[in-house]
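A short worksheet on the structure shown next.
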Protein chains: 2
Amino acid sequence: MSSDSVGIVTPELIHFSDPLPLSSGKSLPCYDLMVETYGTLNAEKSNAVLICHALSGHHHAAGFHSAEDKKPGWWDSAIGPGKPIDTNLFFVVSVNNLGGCHGSTGPTSINSETGQPFGPDFPVVTVRDWVNSQAKLADRLGIERWAAVVGGSLGGMQAMQWAIDFPDRLGHALVIASASKLTAQNIAFNEVARQAITKDPEFYDGRYYDHESLPKTGLSLARMIAHITYLSDDGMAEKFGRSMRTGELSFDFNTQFQVESYLQYQGEKFSTTFDANTYLLMTKALDYFDPATEHNNDLAKALSHARCGFLVVSFTTDWRFAPERSREITDALVAADKDVCYAEIESDHGHDAFLIDSPRYTAVFRAYMKRVANELSLGVNDAR
Amino acid sequence: MSSDSVGIVTPELIHFSDPLPLSSGKSLPCYDLMVETYGTLNAEKSNAVLICHALSGHHHAAGFHSAEDKKPGWWDSAIGPGKPIDTNLFFVVSVNNLGGCHGSTGPTSINSETGQPFGPDFPVVTVRDWVNSQAKLADRLGIERWAAVVGGSLGGMQAMQWAIDFPDRLGHALVIASASKLTAQNIAFNEVARQAITKDPEFYDGRYYDHESLPKTGLSLARMIAHITYLSDDGMAEKFGRSMRTGELSFDFNTQFQVESYLQYQGEKFSTTFDANTYLLMTKALDYFDPATEHNNDLAKALSHARCGFLVVSFTTDWRFAPERSREITDALVAADKDVCYAEIESDHGHDAFLIDSPRYTAVFRAYMKRVANELSLGVNDAR
């Protein structure tokens, strides 16, 4: 294990017994959140950073679960000793969102009212609901104010929502490869994914747990589609081009090009490790996010009460959440007279770029987090 | 019926009893081609124009099949008296490609060797195979040389292949919204579509005819995905934006946004009117097209023996076959010292733009076809 890893980490399940009211009007009577933390909370409790995950993410953002574990957490490139989110300075909290399938209360959890898994009865949750649950988590951890709330993609939406709903409870919002709302094309891709899942005969109206089945075909298709939108056209061209598996055209319907087998593998792997009902919920949270609607579609107005600093980052070949979307956020923040830095990073990696270490991205990310640390004088009187 | 319509047209089925050797090494012992023609072949047989169709197209390109028929052929915007392909001057031939599902021999046809529909046993056909079958059709019609071969998308690939394989048999190739080969991203979208179809339990390994079933779910998903790639992000934003069906968030998994119901409708309509095995074949023909491979991946070399003039047209928001792809074709033609005009048309309509009348596109198309007519002195000594 390298010296810039947080090492072996252990997730913790935290129970909340007070009801959580939801945007839908429903409420969860009680719930659990699965959490990982990295680094140490200082005496002032001023150095806490919240990591918000994206569509298929979870609480395991950094480090390893055992010495044998080969794959680190999903944002290990950004979190660790000496990394942009420096665990020598910051206490990092990473949480699996409600509705998830990695330990927090979600469709696979037992509904105490029925003794059966929630399945399709799990309520539709929104970005705002998640932020409310994360605020309860902060209360529990004794964190009055986050040094920063950080997220990419759907995670960036949560950072924005934090700035809007709890202006006094965060110092900075880092909104990476995100958008203030989905476009019609984004929604369209989500809808095809939902149709693929819900039309799978193994879906059983979301009660596949009862039938000991899994809508693997549908979930696999959903993942394949999503995967195409995570990569750039150029990135795919560079990675696969028109390379064939055997070098010769087979003139049949077997897998011919390497990009086909890559996608099939990605789809199949995902279809047995992720919950289909959770996938549906996550896509709805994405579709519904649009904080400007409450303010006559004026995003600057929606952000007008924010008091934190903002870092907005986009990637040139990201066509899922294109740089234009990040510029909209930046323009709204400028119009609302907020403190905002915007960086558009050259990258071939499309939307996935936010998960990948690259010199300029890492430099910008590191510099911004250094500023956050400096403002709080973190590390100054510290022998570490 | 307006005066610029070709009016009521009747398709004709033409039988070919000689075998057609295919790229795969297989051959079709005999076959039928379903054809429509518009306008009149002149005495010199010099005014014939071949229309090549795209993925889901067919022979019915212009006019109506009856007085009650509400929807004209798929390229009625371009073909008719006074239209860019002016049927007062040109004799237009439009053919359903082999493997199709609109009358030409394809998977739904009876295989004379078994007495059953071909189904999945129909051989994989390539753009070159289609062009060979179209050459046989030209022979049958007594057309030694086309005034022009015209196609959009996959149709443009056929026009290019004509220029390469039969340099003396066409005066001009019009290559619209096309590409000299698919990108990895294009192939990836095709593969997701194929997976959706072949993993549908109603597909029965392509023998759904025997089971009196149809892989409607899979074909519908394939069409939804394709449809997203036919429209531009901006075009979708303009057409649908985030408009909701009811105006309120429903917090369930019913259809929420108008773009969702639009896509669902498009998918369902297609799934009962198009043959799934044909869809698979068409996507393979797309994947396989890459005339440069036979020439060390040098497209200019592949086109070096062409003797026709070329019009290459692209549309700014087309991301399925982006302008960059058309510029590659144009650059190769310039490098090969060919006579080429290139027009990049501003449009919000994405890939679909090639099917839609718009001022600059229509002007360029019309001007080029006028040049074709002038070269042949069409209409000059003609009282029409």
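Run the simple label-point estimate for A:Arg366 and B:Thr272 please: 7 Å along Cα→C-beta, distance reported in nm.
6.1 nm
With an 8 Å Cα cut-off and a minimum separation of 6 or more residues, compute the relative contact order for the stretch B:11-56 in percent.
Details: 42 pairs, mean separation 15.1, N = 46.
With pairs under 8 Å counted, the relative contact order is 33 percent.
Any idea what the dipole of the stretch B:74-198 comes to, in debye rounded to 20, about its Cα centre with Lys/Arg Cβ at +1 and Asp/Glu Cβ at -1?
Working: 8 positive and 10 negative charges, 34 e Å.
Magnitude of the dipole: close to 160 debye.
What's the extension gain from A:His65 to A:Arg307 if we count 0.36 nm per residue and subtract their Cα-Cα distance? Show your work: numbers first, answer last.
Values: separation 242, 0.36 × 242 = 87.12 nm, distance 3.67 nm.
Separation in residues times 0.36 nm, less the Cα-Cα distance, equals 83.5 nm.
At what distance in nm do the modelled label points of B:Ser27 and B:Arg207 sit from each other, each positioned 7 Å from its Cα along Cα→Cβ?
So the two model labels end up 2.8 nm from each other.
Compare the peptides A:48-56, A:1-9, A:217-225, B:140-148 by average per-residue count of other Cβ atoms within 10 angstrom and give them in order, highest first.
Working: A:48-56: 25.4, A:1-9: 15.0, A:217-225: 27.1, B:140-148: 18.8.
Packing proxy ranking, top to bottom: A:217-225, A:48-56, B:140-148, A:1-9.
If I model a spin label at B:Arg140 and A:Glu144 as a point 7 Å from the Cα along the Cα→Cβ vector, what separation in nanometres do I get?
My value for the distance between the label points is 8.6 nm.
State, as an integer percentage, the relative contact order of chain A based on alpha-carbon contacts under 8 Å between residues 6 or more apart. Numbers along the way, then the final one.
Numbers: 769 pairs, mean separation 66.3, N = 384.
For chain A, the relative contact order is 17 percent.
In peptide A:257-264, how many Cβ atoms from other protein chains are near each Cβ within 10 Å, on average?
Values: counts 8, 2, 9, 9, 1, 3, 7, 3.
What the average comes to for A:257-264 is 5.
If Lys and Arg each add +1 and Asp and Glu each add -1, what is the summed charge of the other residues whose beta carbon sits under 14 Å from the beta carbon of A:His59?
Working: positive: none; negative: A:Glu12, A:Asp32, A:Glu36, A:Asp76.
Here the count lands on -4.
Give the Rg/Rh ratio for the stretch B:114-216, taking Rg as the radius of gyration of the Cα atoms and Rh as the Kirkwood radius, to two decimals.
Details: Rg = 17.6 Å, Rh = 16.2 Å.
Over the Cα atoms of the stretch B:114-216, Rg/Rh equals 1.09.
What residue among B:Lys284, B:Lys338, B:Lys199 has the largest mean-square fluctuation in a Gaussian network model of chain B, using Cα springs under 10 Å?
B:Lys199
Using a 1.4 Å probe on the protein heavy atoms, what percent of the accessible area of the stretch B:5-83 belongs to carbon and sulfur? The partial results should precede the final answer.
Numbers: 1800 of 3360 Å².
Of the solvent-accessible surface of the stretch B:5-83, carbon and sulfur hold 54 percent.
Report the Cα centroid-to-centroid distance between the stretch A:1-51 and the stretch B:56-124 in angstrom, as an integer.
Here the answer is 61 Å between Cα centres.
Could you give, in nm with one decimal, how far B:Glu202 is from each other copy of that position, shortest first, with labels 7 Å out from Cα toward Cβ?
Between copies, matching label points for B:Glu202 lie 1.9 nm apart.
For A:Lys45, give me every one of the lysines with a C-alpha distance below 29 angstrom, ignoring sequence neighbours fewer than eight places off in its own chain.
The reachable lysines, counting only those whose Cα sits under 29 Å from A:Lys45, are A:Lys83, A:Lys136, A:Lys338, A:Lys370.
Quote the accessible area belonging to A:Leu376 in square angstrom, nearest 10, computed with a 1.4 Å probe and with ligands, DNA and RNA left uncounted.
Answer for A:Leu376: close to 70 Å² accessible.
Which residue fluctuates most in the GNM of chain B (Cα springs below 10 Å): B:Thr114, B:Thr273, B:Thr317?
Highest fluctuation of the listed residues: B:Thr114.
Report the local net charge at B:Ile143: Lys and Arg +1, Asp and Glu -1, summed over other residues whose C-beta lies under 12 Å from its C-beta. Provide the component values of the computation, followed by the final result.
Working: positive: B:Lys45, B:Lys136, B:Arg140, B:Arg145, B:Arg169; negative: B:Glu44, B:Asp139, B:Glu144.
Local charge sum for B:Ile143: +2.
Got the A:Lys26 label distances to the other copies yet, label 7 Å along Cα→Cβ, in nm, shortest first?
5.0
Just checking the output field for B:284-292: average partner chain Cβ neighbours within 10 Å of each residue's Cβ?
Numbers: counts 6, 0, 0, 5, 5, 0, 2, 0, 0.
Partner-chain Cβ atoms within 10 Å, mean over residues of B:284-292: 2.
Report the semi-axes of the equivalent ellipsoid for the stretch B:59-194 in whole Å, largest first, where each axis is √(5λ) for an eigenvalue λ of the Cα gyration tensor.
On the way: eigenvalues 127, 83, 66 Å².
Equivalent ellipsoid semi-axes, largest first: 25, 20, 18 Å.
Taking every residue in B:17-28, how many Cβ atoms of other protein chains lie within 10 Å of its Cβ, on average?
1
So which aspartates and glutamates can A:Lys216 reach, going by Cα to Cα under 15 Å and dropping same-chain residues fewer than 8 places off?
Hits, sequence-local ones excluded: A:Asp200, A:Glu202, A:Asp205, A:Glu268, A:Asp275, B:Asp200.
In the Gaussian network model of chain A, springs joining C-alpha atoms below 10 Å, which of A:Asn42, A:Asn111, A:Asn97 carries the largest mean-square fluctuation?
Highest fluctuation of the listed residues: A:Asn42.
Under 24 Å Cα-Cα from A:Lys239, which lysines qualify once same-chain neighbours fewer than 8 residues away are excluded?
A:Lys70, A:Lys71, A:Lys269, B:Lys181, B:Lys284
So what are chain B's ellipsoid semi-axes, whole angstrom, largest first, if each one is the square root of 5 times an eigenvalue of the alpha-carbon gyration tensor? If you can, show how the numbers build up before the last one.
On the way: eigenvalues 200, 134, 97 Å².
Result for chain B: semi-axes of 32, 26, 22 Å.
Under the convention of a label 7 Å out along Cα→Cβ, give the distances in nm from A:Asp339 to the same position in every other copy, shortest first.
Counterpart label points of A:Asp339 in the remaining copies fall at 6.8 nm.
Taking square-rooted eigenvalues a ≥ b ≥ c of the alpha carbon gyration tensor, is the stretch B:302-384 rounded, prolate or oblate, where a/c under 1.5 means rounded and, failing that, a/b exceeding b/c means prolate? Intermediate results must be reported in sequence, preceding the final value.
Numbers: a/c = 3.24, a/b = 1.22, b/c = 2.65.
Note, shape of the stretch B:302-384 comes out oblate.
Using only alpha carbon pairs under 8 Å that are at least six residues apart, calculate the relative contact order of the stretch A:1-103 and give it in whole percent. List each step's numbers first, then the result.
Numbers: 203 pairs, mean separation 35.4, N = 103.
Contact order relative to length: 34 percent.
If you keep only loop residues by DSSP, which chymotrypsin sites (Phe, Trp or Tyr not before Pro) in the stretch B:51-142 have at most 15 other Cβ atoms within 10 Å of their Cβ? List each step's numbers first, then the result.
Values: sites: B:Phe64, B:Trp74, B:Trp75, B:Phe90, B:Phe91, B:Phe118, B:Trp130; in loops: B:Trp74, B:Trp75, B:Phe90, B:Phe118.
Taking the stretch B:51-142 and a limit of 15 other Cβ atoms within 10 Å, no loop chymotrypsin sites (Phe, Trp or Tyr not before Pro) are found.
Per the helix-only calculation at 222 nm, which mean residue ellipticity applies to the protein assembly as shown, given -39500 (n - 2.57) for every DSSP H run of n ≥ 4 and division by its residues, nearest 500 deg cm²/dmol? Please list the in-between numbers first.
Details: 20 runs with 254 residues, N = 768.
Only helices count here, giving -10500 deg cm²/dmol.
Per residue and in Å³, how big is the convex hull formed by the alpha-carbon atoms of the protein assembly as shown?
Values: hull volume 135.1 nm³, N = 768.
Dividing the Cα hull volume of the protein assembly as shown by its residue count gives 176 Å³.
On the protein heavy atoms, probe 1.4 angstrom, tell me the percent of accessible surface of the stretch B:228-338 carried by carbon and sulfur.
On the way: 2020 of 4560 Å².
About 44 percent, which is the carbon plus sulfur part of the accessible surface.
Rank by packing, highest mean first: peptides B:177-183, A:155-161, with packing defined as the count of other Cβ atoms within 10 Å averaged across residues. Please list the in-between numbers first.
Numbers: B:177-183: 24.6, A:155-161: 28.9.
Highest to lowest by the protection proxy: A:155-161, B:177-183.
Below 10 angstrom from the Cβ of A:Ser213, what's the summed charge of the other residues (Lys, Arg +1; Asp, Glu -1)? Display every interim value, and only then the final one.
Numbers: positive: A:Arg207, A:Lys216; negative: A:Asp200, A:Glu202, A:Asp210, A:Glu212.
Net charge around A:Ser213: -2.
Could you tell me the center-to-center distance, by alpha carbons, between the stretch B:256-329 and the stretch A:221-271 in angstrom?
Each part reduced to its Cα centre gives a spacing of 17 Å.
The values are calculated or read from the model by the stated rules, or taken from the named source; none is laboratory data. Only a predicted model underlies this, so the values are computations on that prediction, with no experimental measurement involved. Please note: Cβ atoms are built from the backbone with ideal geometry, for glycine as well, and neighbour counts cover all protein chains shown. Note: areas computed on protein heavy atoms with side chains; ligands, DNA, RNA excluded. Shrake-Rupley method; radii C 1.70, N 1.55, O 1.52, S 1.80 Å.
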